[in-house]
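Report on the following structure.
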Amino acid sequence: MAQPKLEISQLTKGFVRGRGDIVPVLENVSFAVADLEFVAIVGPSGCGKSTFLRIVDGLIEPDSGEVRLNGRAVTGPGHGRGMVFQSFDLFPWRTALGNVEFGLEMMGVPRQERRDRAQGWIELVGLTGFEHSYPHQLSGGMQQRVGIARALAIEPEVLLMDEPFGSLDVQTRDLLQDELLAIWQRKRKTVLFVTHSIEEAIYLADRVLIFTPRPARLELVLDVPFARPRTEEIKSSPAFVELRREIWQSLKRGVRI
Amino acid sequence: MTRLGHGLPLMAASMVGGMILWEMAASGVSGVIFAPPSVVLARLAQDTLSGVLPMALLGSLAHLAVGFLLAVAVALPLGFAIGRSPPVAAMVEPVMNAIYAVPPVAMVPFLIIWFGLFYEARVALVFLMSVFEILVTVTVGARNVDPMLLQVGRSFGANRFRLVTVVMLPASLPFVFTALRVGLVRAINAMITAELFLAAVNLGALMKQSAQRFDMAGLLSLVVLLCLLGLAAQEGLKALESRLLPWHVRPSS
Amino acid sequence: MLLTRRQALKTGAVAGLLPLVPARAQGARPLKVNQLGFALGIHVPTTAALVDIMPTMGYAPTIQRMDQIRTLTQTLIAGAAEIGETDSITVMSAVEAGADLKIVSLWYMHTSLVFVANADKVREFKDLEKPENVVAVNGKGDITHVMLFGPLLQRGVDVKKVNIVEIGGSGARMQALQSGRVQAVPVHFDQAAELAKRGNFKVLLEPWKEYKAWINEVWACSGAWLKKKENERAVIDLIKAQMIAFRKANADLAWYTENYRKHVTLPTAKDATQESLKPIWEGLSKSIGAWPHTIDMKMEYWNDLVPVYRQAEAIQGKVRPDQIVETSLAKQAAAELGG
Amino acid sequence: MKRLGYNLLGIATALALWELAGRWVGANLFAPPTLVLVEFAQLARNGQIFVELAASLRQMLVGFGLACLIGLPAGVAMGRSSLVDALFHPWLSMFVVTSVAALVPLFVLVFGTGFWFRAAIVFVASVWYVMLTVYQGARGIEPRFIDVGRSFSAGRLQAFWTILLPALYPYIVAAMRIGLVHAIRAMVVAEMFIILGYGGMIYRAGYAISTAPLLALLVTLMLVSIAANEVLRVTGRWLAPWYEERTASTGAQRI
């Protein structure tokens, strides 16, 4: 096997609560992601998936273990990764175009060039005509398209997505899933996609990782056998249903209500 | 904008109603003690046309502007420092709250000692009264910057300096505008206090003269002028804000 | 827990809202009086007359104090006080503006206000013309301003060149003088002595040496109020109480010291002794003659002052003193009291 | 604990600077804290300072209580009804500018100089700030909270008690805290004018040649104001455990 794009080894993280009690959040997580692979992480709410993604992005430092991108250790946020956030978190004072430009601006891309490039991404996510709208003038789905364009604009080697469709309604979510697949088909990227929806994970990913509840450990890894490009129909195929059942069984063991 | 658009007739009605109440309250009271709005407004118009009020107002505004701008220049960076750094906040806030508790009139003797009676002292009082007001609001604004936005900034590789200029500053702009508005109100208040309690000049001198002559219409016309000035300052800043920050949606009822 | 919280809310709300009801003496004629906030050596006998002697004559004065002559005058016009302290200039300008006020008695004869100057900078009156020398008065057109104005005119000083600023409050004025921000201020006689200890400050002007009589604070009330016989009676009794106090003050340093400690508002007043007060007492009683044996309201006092007031533009001069000053009540009081 | 350390460090620094400045210019112009402390000890032994302070604060509380009683509901009404807002906002914007010092003479005429004069001054000095803070809070309540109430078919009154009031609570506490500072300041200004109570003491201290007595009184005032504010903050937290400091501080978005 060639060198993996992203290599996660022995990641452990705990948070200090109250007077110094340490609550473990992440325990000994290790796996590797190949170049241009789409990996989904599924786990119960609050299991530490988001913390994990933030460590990969370099926003949080792990207590032990490390993240390697192209064989080099990640020590802080950088341009190799682009993050899409659950609550979109667009800058309310920037227009759609301005938000997409943000990462390029931080990279020091000259104004005209970044404008042109951002415009291209706006078109790709289907927001032509809304470049100059402010986030509060856009619907939730449109806001998240801007969020995706913002992350893609910096041409990251790895795209990190933190439950990106979690706060959208079901219809919008389905539409955006298809759009994400279409974009991914055209602009292939290595993707790490965190979600709590089993169907979403199967539908989108090449491989699904299942995390246990807090502290999160890697419980199970499953390959998704469907060919690409994928369409809605596979969701009703017996193989899909079986895969979903298998993941659910695994998750259920850890879920307590 | 909608608030103004829909509310304009109502506001006008409210103003007229207030005037009628005032007129009623003033009827039958000696002119040496109180004056009705009809007389006061006529007086205001007369003194404005004669140029007396505009000249005094300009003089007052000159040192208002200097003191206020100084306060802004000091309070904005300091407010950000306090808002973003808990140790700085813990060090400065007790002292700040303590000084804030003292009524400005009680500070006058000290201002005279330190800054004399003229221009510098007036500027100092305007500065002192508005700087804390601005500081408090900017501190809150800086403290309340959505942590998620800061995280987005960091995620996209913004360094500390960039985080401040590109994320924190714009994120707290609405608070900065509020701070300016609150500060300006206090500054106007301080301006007239300074002109009355230090060496009397400009509007303060006119006020004192009217008072000395028991010219209540003159006195009240100055009070009305100050009220209008305060109203204009607030509405002006609001209009400026909605022009400059089109993205900021004020919570609406 | 929740219950106690609610209870705490309720009791807290009620307890904060219970106003205090002042106790009142029974049977005595109530008299609403207002008075300047500060009382210095010169004010002592009249304050004593009001607070201590009037109750023995069947009156129950309630005293409101405030720090501005103008407000005192306005409360008289508005009827918030029946009778009270104010000064001649303010009464005259109020009457010019349409108020109905009468001056019925003096608080004291001759003002104890003096002008104190920084002796390093101001050696003679002419020095006040220099632009670097600033004179602080309480307000343009008030007693502190006009008092300086007359003597300056007499000595040929160009008053237009004198740099005059207004600073309200004699505390603030003294601070300004001490910190070198101004070079001359009006203060009371006893404050001047205190100032002289703190630096090279000397008395530049003593009004009682310049004028036959320099009337400052007076007792005034509204003309309508005075028309009632019982009110006129109250005024006569007040003047009698004043004269009793004046006579005691002139005769008895011990009495003066006791009342000084009681009524003077300076923070140092409580520490005063007969020895420390003797120079002040002698100055006020003998040199200035602030407390005449008999209060004699001569119209000529005001006739002499009006031209100076007018030159200082404190009044327009539309009103004659005899329309405002009521001299008969003091005469009546003197006759009743005798001596 | 760490925070307290920084608090003390900040206060110590301020005191040290004050001491240096005081020694540099002298007690007549700016008394250093060591002298002020001596002066305070004398005042405290005499005891009058506390009697005056207690009496003044009691009157202040009446004015302030009225300001809350009227200002809080009025602010909520303005925030929830555009009609009320349009009727009162211009007046609010104008009155908030007028300084207490300019109003005092007029109030003396109307109320005399007794109990109600001081209560009235304190009232007008604090009510606008109380109203504005609550107004901001009432305007900012998320419609979804109200919708939750509607969906549970809460009546208007019920919705007020169960949804509006708890949501407004942080703003109410903030409004009272902001109003209180203004109320205490106004109390002093009013009393300085009529030379009664604690403000009267400050006024008289202004006549002293040394600035030490004046500063002793002002520092005591500072302590009282801070303590009163702290009491409100702690009570606020105790009465409503869901009260969050951070939400409340947005109440500073005042006008």
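The values are calculated or read from the model by the stated rules, or taken from the named source; none is laboratory data. This structure is a prediction, so every number in the text was calculated from the model and none was measured. Don't worry about glycine lacking a Cβ; one is built from the backbone with ideal geometry, like all the others, and counts go over all protein chains shown. Ligands, DNA and RNA are excluded from the accessible area calculation, which covers all protein heavy atoms including side chains. Shrake-Rupley method; radii C 1.70, N 1.55, O 1.52, S 1.80 Å.
Candidates are the residues of the stretch B:190-240 that are open to solvent by 30 Å² or more (accessible area, probe 1.4 Å) and polar (S, T, N, Q); the one that is farthest from the other protein chains (Cβ to nearest Cβ) is B:ASN202.
Yes or no, residue by residue, for (1) without any contact (Cβ under 8 Å) to a residue 40 or more places away in the chain; (2) assigned by TED's automatic domain parsing to the domain that holds A:ASP57; (3) under 20 Å from A:VAL158 (Cα atoms):
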position: A:HIS196; (1), (2), (3): no, yes, no
position: A:ALA201; (1), (2), (3): no, yes, yes
position: A:THR212; (1), (2), (3): no, yes, no
position: A:ALA216; (1), (2), (3): no, yes, no
position: A:GLU233; (1), (2), (3): yes, yes, no
position: A:SER236; (1), (2), (3): yes, yes, no
position: A:ALA239; (1), (2), (3): yes, yes, no
position: A:GLU246; (1), (2), (3): yes, yes, no
position: A:ARG253; (1), (2), (3): yes, yes, no
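Counting only helices (runs of 4 or more DSSP H) that sit completely within the stretch C:122-227, those holding 2 or more residues that are aliphatic (A, V, I, L, M) and either open to solvent by 10 Å² or more (accessible area, probe 1.4 Å) or over 26 Å from C:ASP67 (Cβ atoms) (or both) correspond to C:143-154, C:189-198, C:223-226. The condition of being aliphatic (A, V, I, L, M) and more than 15 Å from the chain's Cα centre (by Cα) holds for only one of A:ALA205, A:ALA216, A:ALA201, that being A:ALA216. Each residue in the stretch C:90-107 was checked for being away from every other protein chain (no Cβ under 14 Å), outside any strand (DSSP E or B) and open to solvent by 10 Å² or more (accessible area, probe 1.4 Å), and 0 of them qualify. From the residues in the stretch C:51-84 that are in a helix (DSSP H, G or I) and not hydrophobic (A, V, I, L, M, F, W, C), which one is most open to solvent (accessible area, probe 1.4 Å)? Looking at residues that are in a helix (DSSP H, G or I) and not hydrophobic (A, V, I, L, M, F, W, C), I get C:THR56. Here the stretch D:90-122 is the region considered, the condition is being more than 7 Å from chain B (Cβ to nearest Cβ) and among the small types (Gly, Ala, Ser), and the residue that is surrounded by the most Cβ atoms within 10 Å (Cβ to Cβ) is D:ALA119. Close Cβ contacts (under 7 Å, 6 or more residues apart or on different chains) running from residues in the stretch B:128-146 that are touching a residue at least 24 places away in the same chain (Cβ under 8 Å) and facing another protein chain (nearest Cβ under 9 Å) to residues that are aromatic (Phe, Trp, Tyr) and assigned to a helix (DSSP H, G or I) comprise B:THR137/B:PHE175; B:VAL140/B:PHE175; B:GLY141/B:PHE175.
For every residue, the table says whether it meets (1) at pLDDT 85 or above; (2) out of contact with any helix residue (DSSP H, G or I) (no Cβ under 6 Å at 6 or more places or on another chain).
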position	(1), (2)
B:LEU70	yes, no
B:PHE80	yes, no
B:ARG84	yes, no
B:MET91	yes, no
B:VAL95	yes, no
B:VAL102	yes, no
B:GLY116	no, yes
B:PHE132	yes, no
B:PRO147	yes, yes
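Residues that are in contact with a strand residue (DSSP E or B) (Cβ under 7 Å, 6 or more places away or on another chain) and open to solvent by 10 Å² or more (accessible area, probe 1.4 Å) within the stretch A:15-32 comprise A:PHE15, A:VAL16, A:ARG17, A:ILE22, A:VAL23, A:PRO24, A:GLU27, A:ASN28, A:SER30, A:PHE31, A:ALA32, listed in sequence order.
Examine the stretch B:96-106 for a residue that is away from every other protein chain (no Cβ under 13 Å), part of a helix (DSSP H, G or I) and open to solvent by less than 40 Å² (accessible area, probe 1.4 Å), and state whether such a residue exists. No - not one qualifying residue is present in the stretch B:96-106. The single condition among (1) under 22 Å from A:ARG228 (Cα atoms); (2) open to solvent by less than 70 Å² (accessible area, probe 1.4 Å) that A:ASP35 does not meet is (2). Among the residues of the stretch D:197-235, the ones that are in a loop (DSSP other than H, G, I, E, B) and facing chain C (nearest Cβ under 7 Å) come to 4 in all. Considering only residues that are modelled with pLDDT of 85 or more and within 15 Å of C:HIS145 (Cβ to Cβ), look in the stretch C:166-211 and name the one that is nearest to the other protein chains (Cβ to nearest Cβ). Per the criteria, the residue is C:VAL182. Would you confirm, using the coordinates I've provided, whether C:THR111 is within 14 Å of chain B (Cβ to nearest Cβ) and open to solvent by less than 30 Å² (accessible area, probe 1.4 Å)? Against the criterion (within 14 Å of chain B (Cβ to nearest Cβ) and open to solvent by less than 30 Å² (accessible area, probe 1.4 Å)), C:THR111 does not qualify.
Against the list (1) facing chain D (nearest Cβ under 10 Å); (2) in contact with a Ser or Thr (Cβ under 6 Å, 6 or more places away or on another chain), the condition B:PRO109 fails is (2). Sub-8 Å Cβ pairs linking a first residue in the stretch B:187-199 that is over 17 Å from C:GLY169 (Cα atoms) to a second residue that is charged (D, E, K, R) and modelled with pLDDT of 85 or more, at least 6 apart or interchain, are B:MET191/B:ARG122, ordered by first then second residue.
Confirm whether B:GLY79 is under 26 Å from C:SER179 (Cα atoms), open to solvent by less than 20 Å² (accessible area, probe 1.4 Å), part of a helix (DSSP H, G or I) and of a type in the set (Gly, Ala, Ser). Spelling it out, it is not the case that B:GLY79 is under 26 Å from C:SER179 (Cα atoms), open to solvent by less than 20 Å² (accessible area, probe 1.4 Å), part of a helix (DSSP H, G or I) and of a type in the set (Gly, Ala, Ser). In summary, B:VAL29 fulfils each of the numbered conditions (1) free of Cβ contacts under 8 Å to residues at least 40 places away in the same chain; (2) within 14 Å of chain D (Cβ to nearest Cβ); (3) in a helix (DSSP H, G or I) with the single exception of condition (3). Checked against the criterion of being within 23 Å of C:ALA334 (Cα to Cα) and open to solvent by 80 Å² or more (accessible area, probe 1.4 Å), the stretch C:268-286 has at least one qualifying residue. Hey, any hits in the stretch A:142-164 for a residue that's touching a strand residue (DSSP E or B) at 6+ places or on another chain (Cβ under 8 Å), modelled with pLDDT under 90 and of a type in the set (Gly, Ala, Ser)? Checked against the condition, which is being touching a strand residue (DSSP E or B) at 6+ places or on another chain (Cβ under 8 Å), modelled with pLDDT under 90 and of a type in the set (Gly, Ala, Ser), the stretch A:142-164 yields no hits at all.
In the set A:PRO92, A:PRO62, only one residue is more than 12 Å from every other protein chain (Cβ to nearest Cβ) and either part of a loop (DSSP other than H, G, I, E, B) or among the acidic types (Asp, Glu) (or both); that residue is A:PRO62.
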